[in-house]
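Take a look at the structure set out below.
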Amino acid sequence: MMTKALLVVDMLRDFVDEKGALYIGDSSAIIQNVSARLQEHRNANNPIIYIVDSHLPHDAEFNLFPPHSLKGEWGEEIIDNLAPHEKDIIIPKRRYSAFFGTDLDLTLRELGVKELELTGVVTQICILYTAADARMLLYDVEVRKNCVASFDEEAHEFALKEMDKTLGVNVI
């Protein structure tokens with residue numbers, strides 16, 4: 001049974017490719033940093049779970065953001081540089097939190113995971129709300145500042161502080 005898992009959140013074409021619908025801007029650093037974390041967790045034989053935005057054309061989220069990560073389309077694909085390995089787990093989601101309406105909690109409990117490291121995008125949206133739900137479910141959570149990113153620097157900084165000060169996330 002594993003006790004720590006790496007979550008790779010929304011490292012998808014629509015977020016980190018310059019042609020993507022919600023492109024975060026220069027993503028080369030975060031891709032490199034997440035790749036390094038993937039390697040470290042693979043070397044430690046920790047579970048790796050990819051969380052993938054996978055929207056239907058009528059999703060309510062499109063009232064706030066442009067359509068993105070449509071199920072089965074180019075923008076929903078995990079970028080090639082961070083491609084999952086055969087034993088990695090992929091969990092689709094339709095809301096901000098990776099826990100809402102998914103089997104993430106069940107999967108983690110079956111694996112014996114008690115601690116999560118969150119990586120990916122967007123810091124003040126999917127990372128923050130996944131961290132909040134993880135803490136409510138009593139997981140220990142770690143977020144490395146160089147492994148999360150946003151298209152809004154001010155909101156990114158707010159989310160990091162919120163995770164640290166309010167949620168008790170280990171932000172490093």
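A compact table of results
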quantity: Cut-off under 5 Å, modelled amide H: who pairs with residue 150 long-range; calculated: 123
quantity: Linear extension gain, residue 164 paired with residue 140, 0.36 nm per residue minus alpha-carbon span; calculated: 7.4 nm
quantity: Straight-distance crosslink candidates among lysines, where the alpha carbon sits under 17 Å from residue 114 and sequence neighbours closer than 8 are dropped; calculated: 4
quantity: Added length on full extension, which subtracts the Cα-Cα distance from 0.36 nm per residue, residue 109 to residue 31; calculated: 25.3 nm
quantity: Zone of residue 153's modelled label, taken as backbone nitrogen in segment 7-23 under 18 Å from a point 7 Å along Cα→Cβ; calculated: 23
quantity: Charged-residue dipole, Cβ positions (Lys, Arg, Asp, Glu), segment 4-171 about Cα centre, Debye nearest 20; calculated: 440 debye
quantity: Built amide H within the under 5 Å cut-off of residue 144, gap 5+; calculated: 118, 172
quantity: Cα pair distances in segment 55-166, grouped into 10 Å bins until the bin that holds the longest one, percent each; calculated: 12, 42, 38, 8
quantity: Extension gain, residue 3 back to residue 74 (0.36 nm per residue minus Cα-Cα distance, nm); calculated: 22.2 nm
quantity: Neighbourhood charge, 9 Å Cβ-Cβ cut-off, centred on residue 23 and excluding it, Lys, Arg +1 and Asp, Glu -1; calculated: -2
quantity: Environment charge of residue 93, counting only residues whose C-beta is closer than 12 Å and scoring Lys/Arg +1, Asp/Glu -1; calculated: -4
quantity: Distant-in-sequence amide H partners of residue 93 (H built 1.01 Å from N, under 5 Å); calculated: 52, 53, 54
quantity: Residue 44-residue 102 FRET efficiency (beta carbon distance; Förster radius 22 Å; 0.05 resolution); calculated: 0.35
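FYI, it's all coordinate maths here, none of it is from the lab. Quick caveat, the model's predicted, so the values are computed rather than measured. All Cβ positions, even for glycine, are placed from backbone atoms using ideal geometry, and neighbour counts span all protein chains on display.
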